[in-house]
Amino acid sequence: MKLHHITSIMKNDLRVLKKVKLRMLEITYFPLTTLVMWGLFALQSKQYAFQAGLIVLVVNLFWSFTQLAQQEANMFMMEDLWTLNIRHYFIAGITEFEYIIAKLTMSTLVATMVAVVLVTVAQWFGAPLFQNLPHVIGLAGIALLGSLALALFIAGSVLMLGREYAFLCWSSLSLFIFLSAPFYSPSILPAAVRWITEIMPFTYVFEGARAIATSTAIPQGMLLHAALIAGAYFVLAWPYYWWAFNRARKSGMLARIAS
Amino acid sequence: MHPIVVKNVSKTFSGRGWKVEALKDVSFEVRKGEIFGLLGPNGAGKTTVINIILNLLTADSGEALLFGEKANSDVFKSINAISGNSQFHWALNITEILQFFADVYEVPNPKKRIAELVKLLRMEKLMDRKFRWLSTGEKLRVAFAKALINHPKLLLMDEPTLGLDPDIAQHVRKEVMRLRDQGVTILLTSHYMHEVEQLCDRIAFIYQGKIVDVGDVKEVKLRHFGTYDVTLTLDKQPSKAFVAKHKLTGKGMKVHATLEGEDALSALLAGVHEEGYNIRDIAVKKPTLEDYFIKVTGDQR
């Protein structure tokens, strides 16, 4: 593992971010406007059900963070696939792991910076986030782990299946949202699907977010449980990415998408 | 230790209901300091070989070694590659693109190296322009600069002059020869036979995934043709004995000979001199690599 390979890719991604200003719009404008929209809804809901408004606001904050962390890792990769730049990386001796670590690190940095702004804005709308900062950070860490795991699964899948499957970068997370019980308790769902909810990487993140919004105590056991599930996804994602990358190398897809 | 050794490499691509044997037991080596041409028609397997050497593709069997080692991060430090359609990020300018590769290859004093390449490839006016705004020839110069940034000992060039104007293609060829003179080993694929003939020391001809010929350019041409077609116009009609001795055909003062190699040509000319004939005109048709390409492709079909 060569550190300068990772830092070179990250520096290059930063140059691209600086040059493609509309990417900055995607990273900041959409999450921020969405949050402001729900913040205004929370303010409006003060008249009848303020806590419901805050639940929507805080869950959306975590949802945006989750989405940003996953999508940016995959978007930084897609930039290389679309521009056919990826070939130069691998023939320069950059390994598949150095490559993806650079992308995951970049997305973590970007998502964290945006999250700081989002938390501040949500606090202004009345969400008790600063008061629960250790829990907010803990839940964000768990959400990040789940998002990066998902980014790894998607990166491997796109490399294996081809550029045409880029839509996975935007649509995959939506597969998880319904079963991750964002705005409702898993107990509302039919028993037949409830077990799936329990093994989703984000279910407990949202449960924690609802607890923060309603100033309810979060059981420490739940955080640990959530961390173990997200961690399991993260650990499993690496062999999948490695397997998919090698499959792409064997099938010829890697050479095809790189030229 | 040869810069490239390809040993018994086979590769089959397959999907639901289809299967293509892209390479069948391909073996060759590229020797230090030579320009080695990999020739063959479209779909013959040239790019597949290059992709396997560059570890972008895994062989089903056999192996490709670079400086005696399997592809790894360290061996790639002294290698680079260029293809005719090399692309870089559209939004970055050329300085940024080269800076990135200087970082990746850990080039000592990158500014100095970039300045050298800018001067060498006459890119002074391109440096602040975004890649998307360059012409095809300018893009190729950038690809060349990237390929040379790490002072490679081995350069793989896949159709480097494809679609270029003749003057730019000629400039590229001069550059390739200059690199060879500096000791860089080059593996080149090209569709342009005159280019291969001009540049390559040795070639391998690949057809439907099989190496059908390998050797130095002159040798492989003569292996398939073995002849020079010579037409002589003499100042007087040659004697019957002279015609018979040299197996000449034709009438009057204009005679033809089909000769086996350069020695036979020398012997004929010496005979003409000894018999006291003067040569008014001489035409020697040597087989070109294009003749070779057409013949070998035809033979294989």
Fill in: For residues of A:245-258, the mean tally of beta carbons on other chains within 10 Å
4
Worksheet item: Under a Cβ-Cβ cut-off of 13 Å, what is the net charge of the residues other than B:Arg129 that fall near it, where Lys and Arg count +1 and Asp and Glu count -1?
Response: +2
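How big is the charge dipole of the protein assembly as shown about its Cα centre, in debye rounded to the nearest 20, if each Lys and Arg gets +1 on its Cβ and each Asp and Glu gets -1 on its Cβ? List each step's numbers first, then the result.
Working: 60 positive and 48 negative charges, 100 e Å.
Its charge dipole is roughly 480 debye.
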Discussion item. Please compute, for peptide A:87-99, the average count of beta-carbon atoms on other protein chains lying within 10 Å of each residue's beta-carbon.
Written reply: 6
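Under DSSP H, which helices of chain A have Cα atoms covering 20 Å or more of the helix axis and a Kyte-Doolittle average no less than -0.5? Walk me through the numbers before you get to the answer.
Numbers: long enough: A:3-19 (24 Å, -0.27); A:30-44 (21 Å, 1.39); A:50-82 (45 Å, 0.70); A:96-124 (42 Å, 1.35); A:133-161 (41 Å, 2.13); A:220-251 (46 Å, 0.35).
For chain A, where a helix must reach 20 Å along its axis and average at least -0.5, the hits are A:3-19, A:30-44, A:50-82, A:96-124, A:133-161, A:220-251.
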Practice prompt. Enumerate the amide H contacts of B:Ala22 below 5 Å, restricted to partners 5 or more residues apart or on another chain; note that Pro and chain-start residues carry no placed amide H.
Written response: B:Lys11, B:Thr12, B:Phe13
Item to complete: Taking the Cα centre of chain A as origin, work out the dipole magnitude from +1 charges on Lys and Arg Cβ and -1 charges on Asp and Glu Cβ, in debye rounded to 20.
Response: 560
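Which of A:Ser171, B:Ser73 has the fewest other C-beta atoms within 10 Å, and how do the rest follow up to the most? Walk me through the intermediate numbers first.
Values: A:Ser171 10, B:Ser73 14.
If I rank by nearby Cβ atoms, fewest first, I get A:Ser171, B:Ser73.
Ordered by packing density, taken as the mean number of other Cβ atoms within 10 Å over each peptide's residues, highest first, how do B:234-240, A:132-138 rank? Mind dumping the intermediate values first?
Details: B:234-240: 13.6, A:132-138: 16.0.
Order by mean packing, descending: A:132-138, B:234-240.
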Discussion item. Based only on other Cβ atoms within 10 Å, what is the fewest-to-most ordering of A:Ser64, A:Ser259, B:Ser190, A:Ser174?
Written reply: A:Ser174, A:Ser259, A:Ser64, B:Ser190
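Once you charge only the Cβ atoms, +1 for Lys and Arg and -1 for Asp and Glu, what is the size of the charge dipole of segment B:101-224 about its Cα centre, to the nearest 20 debye?
Details: 22 positive and 18 negative charges, 73 e Å.
Approximately 360 debye in magnitude.
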Discussion item. Shape verdict for segment A:121-201, please, from the Cα gyration tensor: rounded (a/c under 1.5), prolate (a/b greater than b/c) or oblate.
Written reply: oblate
Worksheet, complete the sentence: In chain B, taking the dipole from +1 charges on Lys and Arg beta carbons and -1 charges on Asp and Glu beta carbons about the Cα centre, the listed residue (B:Gly37, B:Asn109, B:His89) farthest towards the positive end is B:His89
Worksheet item: Hey, rough spin-label estimate for B:Asn72 and B:Lys19, points 7 angstrom out along Cα→Cβ, what's it come to in nanometres?
Response: 3.5
Worksheet entry | Residue among B:Tyr207, B:His246, B:Leu232 farthest towards the positive dipole end of chain B, charges placed on Cβ | B:Tyr207
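Counting other Cβ atoms within 10 Å, keep those with at most 10, restrict to DSSP loop, and tell me which GluC sites (Glu not before Pro) in segment B:43-126 are left. Before the final figure, lay out the partial values.
On the way: sites: B:Glu63, B:Glu69, B:Glu96, B:Glu106, B:Glu116, B:Glu124; in loops: B:Glu106, B:Glu124.
Listed in order of number, the matching sites are B:Glu124.
Checking the a/c ratio against 1.5 first, then a/b against b/c, what shape does the Cα gyration tensor give for chain B? Kindly include the intermediate steps, with their values, before the conclusion.
Numbers: a/c = 2.67, a/b = 1.80, b/c = 1.48.
It comes out prolate by the Cα gyration axes.
Excluding B:Arg202 itself, calculate the net charge of residues whose Cβ lies under 14 Å from the Cβ of B:Arg202, where each Lys or Arg counts +1 and each Asp or Glu counts -1. It would help to have the intermediate numbers written out before the result.
On the way: positive: B:Arg31, B:Lys32, B:Arg180, B:Lys218, B:Lys221, B:Arg223; negative: B:Glu29, B:Glu34, B:Glu197, B:Asp201, B:Asp213, B:Asp216, B:Glu219.
Residues close to B:Arg202 contribute a combined charge of -1.
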Response to the item:
CD proxy, 222 nm, the protein assembly as shown: helix-only mean residue ellipticity via -39,500 (n - 2.57) per DSSP H run with n ≥ 4, per residue, nearest 500, stands at -17500 deg cm²/dmol
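Can you compute the equivalent ellipsoid semi-axes for the protein assembly as shown, i.e. the square root of 5 times each eigenvalue of the Cα gyration tensor, sorted largest first and rounded to whole Å?
Values: eigenvalues 881, 111, 61 Å².
Semi-axes from the Cα gyration tensor: 66, 24, 17 Å.
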Response to the item:
Projecting the Cα atoms of B:Asn80, B:Thr161, B:Gly276 onto the charge dipole of chain B, where Lys and Arg contribute +1 and Asp and Glu -1 at Cβ, the residue farthest towards the positive end is B:Thr161
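I need the fraction of alpha carbon pairs in segment A:51-195 separated by more than 27 Å, rounded to a whole percent.
Values: 3234 of 10440 pairs.
More than 27 Å apart: 31 percent of the Cα pairs in segment A:51-195.
Among A:Tyr48, A:Tyr89, B:Tyr228, rank each residue by its count of other Cβ atoms within 10 Å, from fewest to most, as a rough exposure measure.
Working: A:Tyr48 8, A:Tyr89 23, B:Tyr228 19.
Fewest-to-most ranking of A:Tyr48, A:Tyr89, B:Tyr228: A:Tyr48, B:Tyr228, A:Tyr89.
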Practice prompt. Could you check what % of the DSSP bridge pairs in the protein assembly as shown are antiparallel, to the nearest 5?
Written response: 65
Response to the item:
The answer for the net charge of residues other than A:Met200 whose Cβ lies under 12 angstrom from its Cβ, with Lys and Arg +1 and Asp and Glu -1, is -1
Practice prompt. On each of the three principal axes of the Cα atoms of chain A, give max minus min coordinate, whole Å, ordered largest first.
Written response: 60, 43, 30
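Every number here is computed from the coordinates shown, using simple stated rules; none is lab data. No experiment lies behind these values; they were computed from the predicted model shown. Glycine gets a Cβ as well: all are built from the backbone with ideal geometry, and neighbour counts include every protein chain shown.
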